[in-house]
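Q: Quick one: structure below, then a few questions.
The values are calculated or read from the model by the stated rules, or taken from the named source; none is laboratory data. Treat the numbers as computed from the prediction; the structure is a model and nothing was measured. Cβ placement follows ideal geometry from the backbone for every residue including glycine, while neighbour counts extend to all protein chains displayed.
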Amino acid sequence: MLKSIHKVLFLFWIFLVQNTLAQGGAPSCAEFQANFEAYQSCATSIPFQNSVGGNGETFNTTCIEQNFQGPTWFFIQIQTPGEIVLQINQVNNNGNGTDVDFVLWGPFNDLSNVCSQLNINNEVDCSWLPASVEIVTIPNGQTGQLYVLLIDNYSNVPGQITITQIGGTGSSDCSFLSSVEITDDSGNEITQTEYCKPETKSITATIDVTDFDGNVNDLRFNYTWFRNNVFLTTINNSTQSTNTLANIAETGTYRVETTAYDSTDPTVDLTNLPVSEAEIELKFFVLPDVSIQNTAAAGCLSSNPVLQGTILNQNQFDFLVDNPIYQWYRNDVPVSGISNNSFTPTLPGKYNLGVKNGGCNEVISNSIFIYATPQVSILDNASICDNDSFTITSTIANSGNLTNITYQWYQNNNLLSGENTPTLIVSTAIQTNNSTETYYLEVTEEGICIGNSNSVSVQINPVPVLNTNPIIIEQCDYITPNNDGIATTNLTEAYDEITNNVTGLTLFYFLDSGLTQQILTPEAFVNTTTNQTIYVIAVNENVIPNCTSTTVATIALTVNPTSLSTYPDMASVCPVVNQNYGLVNFSFQENSIRNSFFGGNPVEITFYLTDIDASVKTNQLTDLSQVPIGIQTIYTRIETNNICEGVGTFQVEIKTPPLQNSINSIALCENETVVLNSFDAEGLLNQNPTVQTSYFSTFQLAESNFAALNKNIPQAFPVGNNELFVRLFDTATQCFSIVNFSIAVFPNPIIFTPNEISICGDTVSTFDLTRRNNQITGGNINYQVFYYETQADLTADNFITQPNAYESSTNTIFVKVVDPTNNNCFSITSLSLAVVTIPGSLNNPAPIERCDDSGFYAFDLTERITEIAGPSNLNNIVIRYYQNFSDAQNNSNSFIQNPATFTNTVSDFQTIYVRVTSTTNFDSETGLACFRVLALDLYVRPFPENNLRTFPYYICVDENGNILKEANIRTLLNETDYTFEWFTAFEALPGNEISGESSSTFSTDIEGNFSVLITNTSNVALCSSVFNFTTIKTLAPDAVTVSPQNLIGFENQNMITATATPVSLDYEYSIIPDLWQDSPVFTNIPAGDFVLRVRNKFGCDEISTTFTVLDFPIFFTPNGDGFNDTWKVIGSPIIQINHIYIFDRYGKLLKEIGQNGNGWDGTFNGKPMPSDDYWFKAVYTKDGIKQEFRSNFSLKR
């Protein structure tokens, strides 16, 4: 709502001070808080520009009821302690006064976060008067205190504000404080702060005097210079706002402290001037003298060179200032990523080091050249024949980094004179035939850096040399037809004669001397003529490339017709055990034929299974040859020096042995037995009836038929794999076979008798049987453990399905342990289960309830000990009380130490957890004693609430003492939860009961002392309270008059007085609804019609009358909002208004208003008049006498 003239009647004036002289405030609190030092104010009488337009900021104040119209923010700092009275005056740009308001907050010690502290609690003074002059009072300012002053341009018209001190013994700080900055000696900003010795720099301190509102020539300036906080020089009382520190040449932080003051201001305290300061850091660097060295012996990359930079004038450096930056260059191009004085090159080239020290230009060092080591490789290992050559070639991988190279070849690490090219030709000219030599190449760069290649080997192989004399072979023609001169001959039997006994050669046979008709199967060559020449060459295929002979050998082949001879048959033999072949003593047969048919002459006798084998002399039979089962015809070849003498035959039989039937292996558990003859059926399946079985523990025993096992009785075998051998003997052939099978005997699980499981419970508990698994199995993770309730369940394998949550009373169960890794063999044991009793009651104890308004009470928790213990013997249990359930559950030491005097820690209601622990019963798995946790509820009930008055209850009477209304006492408590007993006299003493009074209310017309006893029956605590009260009599008003009845406010202070009868101090008065006062006198009453009300303070009665005040408003706001849009005299019916004339400040008549006019709307000739003060003259008639009244009012827009 708009500020009203009524506010003027009730304002309290207060003053606010700020901290600087620079008149001109911040447009918002946010900007003020961000830089409050710039917005200091003091009472200088120097006008400053006001603000126009709000910014949306809102603050709660005691007087301003609208958003700020044009706020300006300052701070004031107290210099001299005491009261300070300031006058704020605002005028527009035409010099006319305009409405100004203010709010003052404080005092503060710091303004860094002040906006959040600007509230009613910190408010000192506030005004929203419709005036251009406001008075601000600081009641008791103390030196250094800070105040925040908001001046609001309520008129929202541009203009100026002046602040003047008009009273008080204190003062605000009006010393001049302005910022200082450091520039160069030309006044320009210093952008370069680093220099290279012997350069120097001059700097200038410049003080900003633009905020000084007086004569700048009256200012005096003091300068004090520091370097790194060490005093340099000082200049006092200078008339110049600049001061120069010349020719600086040392690194440091240069700081200047300045003060300034108005030399014409006698209030300035020269010993306490505000200080401004500025600083700048300047650095002066030494120009480096740099050199680099190679720490390696040579300038080759292969020697891992390290380039080390050295600053020769390092001793001149200041380690706090000089910080050289290193940059390496290769071939004058910067090397990235290297920023220290040591560098390991990875590429050849010219290297330099550049050093940059702060403001000095970069210095380049001497140059060092690094050369690449040739990276040479040669190709390749080779093998050649002695009539060939091989060229070794070289490749240099880093040839692009090389500038001047030379070559040198080495053989077996010996220099090859004259071999100085990139290639080397290897032949028998430099290497011995049938040898292998190693070669490498040495390449040198710039005569310094040597690179050696890999090594290669070259092998020179000799060409085969053949026997050039003809080789004689004579063959027998005994295969039908045996008279045609054609036979199959093995030409390869002449290998040794052809090659001169050189092994490892491959021979190729040809029908013609031109070597075009190759014999593809020389080991079974069939001649085409009786006498035939064969041509042979040799190739060494063991070397690459293959070396071929340069000469050709010849074979002279002759085929002679021959008839087969017949020799005596040999005796039959059994085959080798379990084999499909037999061994024949051909040596015996050879001697027998030689002696019987050739008179013992040393002819060569050989044996073959086929006639072709005998013809080509392949697959010759010996005593170790595997002769297949059955009757075999053996071909016998008689020969002397490759000349076939004849071929004969004989027979020998290899008998058929018993079948080697497969017998299935079996698996047994430890201590199980088996009868071996149960395997006879498998061993004799499909055998001849003459075959018999016997069993042995080893193959050797079976083979020798020694120590046979008794197969007809049960046999036990040790744990492990038992391999048995069955001898199958045929009595008809006397031959036998041996077969084997296994009996795997697996151990039963090794188990241990488990400890009893004891679990706390009442009658039944849940057992985790698996907790004994590890003990039973001894930790064997391969075992499977099964539990059974009864022997019958064990027999039926009806195991417990949930052994980890098995509910049971005290019992003994059975345990079977199975080893699935060992044939599922198992062992049996038992496990005892015991349910041990949990102590304490099965039910929670009854709550304990006590009375106390604080919500807290000292309880004796032990009073429920019998309920808590239940059937348990108190000598066998320990009872502890806890505030936290988890503490009780965990048996924490945080139990209540003194349960007999425990005061609840939670107001009104708290649950205490009681742990009852057995001293005799324990859980075998946890080792913990059996326990139970019960809940004990504690209630602290409040006493009945006292809703009675602290002052008397009143009985209304008239002036004659007649009862108009009884005193009515109400407890405001319901009768469902409470009982009530009323008493005469205080403290509800027995014998003073008021008969029949038991409700929640009580009425009486008797003066005196009374009491009521109230009991809360809604809980078992039955909390009771006694409340005392008093009744007295009071008068009710009967009549009231107003003096004067009608008031003309033109000439007086608008005061009326009310008179009520009968007279009583219990009355209060009001002319404004809901606003009552004890005094019957009203002052400063605005114009209008009023109702005066009088009532008994204690509600007995209320009467009223009316009166009228005629007066005029001191301002109006014709803005069309429906409030104060016109100006006119109010209350005019009590007099006769003849005319009202309205003038502007220059006396020009603007409006004439009659008795019943609507008032002035603020216009003249239809145009709105500006905000300003206007004058009026009222001509009126009172009591028949014509009178005149003049005054002024304000128009506000």
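Q: Suppose we filter the range 838-885 for residues that are touching a Leu at 6+ places or on another chain (Cβ under 7 Å) and part of a helix (DSSP H, G or I); how many remain?
A: Residues in the range 838-885 being touching a Leu at 6+ places or on another chain (Cβ under 7 Å) and part of a helix (DSSP H, G or I): 3 in total.
Q: Go through (1) polar (S, T, N, Q); (2) under 30 Å from Q459 (Cβ atoms); (3) surrounded by 16 or more Cβ atoms within 10 Å (Cβ to Cβ) for T562 and report which single condition fails.
A: (2)
Q: Within the range 578-597, does at least one residue satisfy the condition of being at positive phi and not assigned by TED's automatic domain parsing to the domain that holds L728? Break it down stepwise before answering.
A: Of all residues in the range 578-597, those at positive phi come to 578.
So of that shortlist, the ones also not assigned by TED's automatic domain parsing to the domain that holds L728 come out as 578.
Among the residues of the range 578-597, at least one is at positive phi and not assigned by TED's automatic domain parsing to the domain that holds L728, which makes the answer yes.
Q: Then there's this: Given D184, D208, which one is surrounded by fewer than 18 Cβ atoms within 10 Å (Cβ to Cβ), under 59 Å from the mean Cα position of the chain (by Cα), in contact (Cβ under 8 Å) with a residue 24 or more places away in the chain and outside the structural domain of S112 (by TED's automatic domain parsing)? Break it down into steps so the answer makes sense when it comes.
A: Values: D184 fails: in contact (Cβ under 8 Å) with a residue 24 or more places away in the chain.
Just one listed residue meets the conditions, D208.
Q: Another question, then. Go through the range 741-758 and give me each residue that's surrounded by fewer than 19 Cβ atoms within 10 Å (Cβ to Cβ) and aliphatic (A, V, I, L, M). Before you say what the answer is, go through the steps one by one.
A: First, pick out the residues of the range 741-758 that are surrounded by fewer than 19 Cβ atoms within 10 Å (Cβ to Cβ): 741-742, 744, 747, 750, 752-753, 755-756.
If the condition is that a residue be surrounded by fewer than 19 Cβ atoms within 10 Å (Cβ to Cβ) and aliphatic (A, V, I, L, M), then A744, I750 are the ones that fit.
Q: Looking at this structure, is V333 surrounded by 13 or more Cβ atoms within 10 Å (Cβ to Cβ) and either more than 58 Å from the chain's Cα centre (by Cα) or not assigned by TED's automatic domain parsing to the domain that holds I425 (or both)?
A: On the way: surrounded by 13 or more Cβ atoms within 10 Å (Cβ to Cβ): no; either more than 58 Å from the chain's Cα centre (by Cα) or not assigned by TED's automatic domain parsing to the domain that holds I425 (or both): yes.
No: the conditions fail for V333.
Q: Please go through (1) under 51 Å from the mean Cα position of the chain (by Cα); (2) over 25 Å from P266 (Cα atoms); (3) of a type in the set (S, T, N, Q) for Q145 and return the number of the only condition it doesn't satisfy.
A: Result: Q145 passes all but (2).
Q: If a residue must be loosely packed, with under 13 Cβ neighbours inside 10 Å and either modelled with pLDDT of 90 or more or farther than 26 Å from A249 by Cα (or both), how many such residues does the range 294-324 contain? Outline the logic, then answer.
A: Going through the range 294-324, the residues loosely packed, with under 13 Cβ neighbours inside 10 Å turn out to be 295, 297, 304, 312-313, 315, 319-320.
Next cut, either modelled with pLDDT of 90 or more or farther than 26 Å from A249 by Cα (or both) only: 295, 297, 304, 312-313, 315.
Looking only at that region, the number is 6.
Q: Quick check on D937: is it under 30 Å from Y857 (Cα atoms), in contact with a Gly (Cβ under 6 Å, 6 or more places away or on another chain), acidic (D, E) and not assigned by TED's automatic domain parsing to the domain that holds D762?
A: Working: under 30 Å from Y857 (Cα atoms): yes; in contact with a Gly (Cβ under 6 Å, 6 or more places away or on another chain): no; acidic (D, E): yes; not assigned by TED's automatic domain parsing to the domain that holds D762: yes.
No: the conditions fail for D937.
Q: If you don't mind, another one. Any residue in the range 842-856 that is β-branched (V, I, T), surrounded by 14 or more Cβ atoms within 10 Å (Cβ to Cβ) and more than 30 Å from P944 (Cα to Cα)? So that I can check it myself, show each step before the final result.
A: If we filter the range 842-856 for residues that are β-branched (V, I, T), which is where we start, we get 848.
Checking which are surrounded by 14 or more Cβ atoms within 10 Å (Cβ to Cβ) leaves us with 848.
Keeping just the survivors that are more than 30 Å from P944 (Cα to Cα) gives none.
No - not one qualifying residue is present in the range 842-856.
Q: When you scan the range 930-947, do you find a residue that is in a loop (DSSP other than H, G, I, E, B), closer than 30 Å to V1020 by Cα and either of a type in the set (A, V, I, L, M) or in contact with a helix residue (DSSP H, G or I) (Cβ under 8 Å, 6 or more places away or on another chain) (or both), even just one?
A: In the first step, residues of the range 930-947 are kept if they are in a loop (DSSP other than H, G, I, E, B); the result is 942-947.
Cutting the leftovers down to closer than 30 Å to V1020 by Cα gives us 942-947.
Now narrow it down to the ones that are either of a type in the set (A, V, I, L, M) or in contact with a helix residue (DSSP H, G or I) (Cβ under 8 Å, 6 or more places away or on another chain) (or both): none.
Checked the range 930-947: no residue is in a loop (DSSP other than H, G, I, E, B), closer than 30 Å to V1020 by Cα and either of a type in the set (A, V, I, L, M) or in contact with a helix residue (DSSP H, G or I) (Cβ under 8 Å, 6 or more places away or on another chain) (or both).
Q: Pick from the range 898-914 the residues that are in a loop (DSSP other than H, G, I, E, B) and more than 40 Å from the chain's Cα centre (by Cα): which of them is farthest from L938 (Cα to Cα)? Working first, answer last.
A: Filtering the range 898-914 for residues in a loop (DSSP other than H, G, I, E, B) gives 898, 904-908.
Next, from what is left, pick out any that are more than 40 Å from the chain's Cα centre (by Cα): 898, 904, 907-908.
Details: N898: 16, N904: 8, S907: 10, D908: 8 Å.
Taking the candidates together, the pick is N898.
Q: Moving on. Specify the residue that is surrounded by the most Cβ atoms within 10 Å (Cβ to Cβ); the eligible residues are those in the range 916-966 that are closer than 30 Å to N844 by Cβ and among the hydroxyl-bearing types (S, T, Y). Give the steps one after another, and end with the answer.
A: So in the range 916-966, the residues closer than 30 Å to N844 by Cβ come out as 916-944.
Now restrict to residues that are among the hydroxyl-bearing types (S, T, Y): 917-920, 924, 926, 939.
Values: T917: 20, S918: 23, T919: 13, T920: 14, S924: 15, T926: 9, Y939: 18.
In this case the residue turns out to be S918.
Q: In this structure, is P899 in contact (Cβ under 8 Å) with a residue 12 or more places away in the chain and either loosely packed, with under 15 Cβ neighbours inside 10 Å or more than 14 Å from R880 (Cα to Cα) (or both)?
A: Details: in contact (Cβ under 8 Å) with a residue 12 or more places away in the chain: yes; either loosely packed, with under 15 Cβ neighbours inside 10 Å or more than 14 Å from R880 (Cα to Cα) (or both): no.
Answer is no for this residue.
One line per residue, one yes/no per condition, for (1) buried (at least 20 other Cβ atoms within 10 Å of the Cβ); (2) under 22 Å from S1191 (Cβ atoms); (3) acidic (D, E):
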site: D1078; (1), (2), (3): no, no, yes
site: P1086; (1), (2), (3): no, yes, no
site: V1091; (1), (2), (3): no, no, no
site: V1094; (1), (2), (3): yes, no, no
site: C1100; (1), (2), (3): yes, no, no
site: T1105; (1), (2), (3): no, no, no
site: I1140; (1), (2), (3): yes, yes, no
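Q: Going residue by residue through the range 291-299, is there one that turns out to be touching a strand residue (DSSP E or B) at 6+ places or on another chain (Cβ under 8 Å), of a type outside the set (A, V, I, L, M, F, W, C) and free of Cβ contacts under 8 Å to residues at least 60 places away in the same chain? Full working, then the answer.
A: Taking the range 291-299 as the starting set, the residues that turn out to be touching a strand residue (DSSP E or B) at 6+ places or on another chain (Cβ under 8 Å) are 291-295, 298-299.
Imposing the further condition that a residue be of a type outside the set (A, V, I, L, M, F, W, C) reduces the set to 291, 293-295, 299.
Going one step further and asking which of them are free of Cβ contacts under 8 Å to residues at least 60 places away in the same chain, we end up with 295.
There is at least one residue in the range 291-299 that is touching a strand residue (DSSP E or B) at 6+ places or on another chain (Cβ under 8 Å), of a type outside the set (A, V, I, L, M, F, W, C) and free of Cβ contacts under 8 Å to residues at least 60 places away in the same chain.
Q: Then there is this: Being out of contact with any helix residue (DSSP H, G or I) (no Cβ under 7 Å at 6 or more places or on another chain) and either over 21 Å from N642 (Cα atoms) or in a strand (DSSP E or B) (or both) is the filter here; which residues of the range 588-606 pass it?
A: F588, Q589, S592, N595, S596, E604, T606
Q: Here is a further query. State which residue is surrounded by the fewest Cβ atoms within 10 Å (Cβ to Cβ) when the search covers only the range 812-837 and only residues that are assigned to a strand (DSSP E or B) and polar (S, T, N, Q). Spell out how you get there, then give the answer.
A: Keep residues of the range 812-837 that are assigned to a strand (DSSP E or B), which gives 812-819, 825-837.
With polar (S, T, N, Q) added as a condition, the list becomes 812, 827, 829-830, 832, 837.
Numbers: T812: 12, S827: 20, T829: 15, S830: 14, S832: 14, T837: 15.
Top of the filtered list is T812.
Q: Right, next: Within the group T766, T753, T801, T795, which residue is assigned to a loop (DSSP other than H, G, I, E, B) and either in contact with a His (Cβ under 6 Å, 6 or more places away or on another chain) or farther than 15 Å from T829 by Cβ (or both)?
A: Details: T766 fails: assigned to a loop (DSSP other than H, G, I, E, B); T753 fails: either in contact with a His (Cβ under 6 Å, 6 or more places away or on another chain) or farther than 15 Å from T829 by Cβ (or both); T795 fails: assigned to a loop (DSSP other than H, G, I, E, B).
Selected residue: T801, the only one of T766, T753, T801, T795 that is assigned to a loop (DSSP other than H, G, I, E, B) and either in contact with a His (Cβ under 6 Å, 6 or more places away or on another chain) or farther than 15 Å from T829 by Cβ (or both).
Q: When only residues in the range 428-447 that are part of a loop (DSSP other than H, G, I, E, B) and not β-branched (V, I, T) count, which is nearest to N398 (Cα to Cα)? Write out each step before concluding.
A: Kept after step one, since they are part of a loop (DSSP other than H, G, I, E, B), are these residues of the range 428-447: 428-434, 446-447.
Okay, now just the ones that are also not β-branched (V, I, T), so 429, 431, 433-434, 446-447.
On the way: A429: 33, Q431: 31, N433: 36, N434: 37, E446: 14, G447: 17 Å.
Ranking the qualifying residues of the range 428-447, first place goes to E446.
Q: State whether one or more residues within the range 857-876 are surrounded by fewer than 19 Cβ atoms within 10 Å (Cβ to Cβ), at negative phi and within 47 Å of the chain's Cα centre (by Cα).
A: No; the residues of the range 857-876 include none that is surrounded by fewer than 19 Cβ atoms within 10 Å (Cβ to Cβ), at negative phi and within 47 Å of the chain's Cα centre (by Cα).
Q: Pairs please, first residue from the range 315-329 and β-branched (V, I, T), second anywhere and in a loop (DSSP other than H, G, I, E, B), Cβ atoms under 8 Å, 6+ apart in sequence or on different chains.
A: If the second residue must be in a loop (DSSP other than H, G, I, E, B), the pairs left are V321/T251; V321/G358; I325/S339; I325/N357.
Q: Could I ask something else about it? Please pick out the residue among Y147, Y154 that is closer than 30 Å to Q49 by Cβ, outside the structural domain of E257 (by TED's automatic domain parsing) and assigned to a loop (DSSP other than H, G, I, E, B). Don't jump to the end; show me each part of the working.
A: Details: Y147 fails: assigned to a loop (DSSP other than H, G, I, E, B).
Every option except Y154 fails the conditions.
Q: Among the listed residues N1124, N1096, N1084, identify the single one that is more than 22 Å from D1183 (Cβ to Cβ) and out of contact with any strand residue (DSSP E or B) (no Cβ under 9 Å at 6 or more places or on another chain).
A: Numbers: N1124 fails: out of contact with any strand residue (DSSP E or B) (no Cβ under 9 Å at 6 or more places or on another chain); N1096 fails: out of contact with any strand residue (DSSP E or B) (no Cβ under 9 Å at 6 or more places or on another chain).
When all the criteria are applied, what remains is N1084.
Q: Now, a different point. Restricting to the range 216-271, count the residues that are part of a loop (DSSP other than H, G, I, E, B) and either more than 19 Å from S186 (Cα to Cα) or modelled with pLDDT of 95 or more (or both). Before the answer, list the steps.
A: First pass over the range 216-271, keeping only residues part of a loop (DSSP other than H, G, I, E, B): 228-229, 239-241, 249-251, 263-271.
Remaining after also requiring either more than 19 Å from S186 (Cα to Cα) or modelled with pLDDT of 95 or more (or both): 228-229, 250-251, 263-271.
Within the range 216-271, residues that are part of a loop (DSSP other than H, G, I, E, B) and either more than 19 Å from S186 (Cα to Cα) or modelled with pLDDT of 95 or more (or both) number 13.
Q: List the strands (runs of 3 or more DSSP E) inside the range 973-1023, counting only whole elements, that have at least 3 residues being buried (at least 16 other Cβ atoms within 10 Å of the Cβ) and free of Cβ contacts under 8 Å to residues at least 60 places away in the same chain. Working first, answer last.
A: Details: elements: 978-984, 1001-1004, 1008-1016.
Strands (runs of 3 or more DSSP E) meeting the threshold: 978-984, 1008-1016.
Q: Taking the range 350-405, which residues are under 17 Å from P324 (Cα atoms), not basic (K, R) and not in a loop (DSSP other than H, G, I, E, B)?
A: Result: N352, L353, G354, V355, V363, I364.
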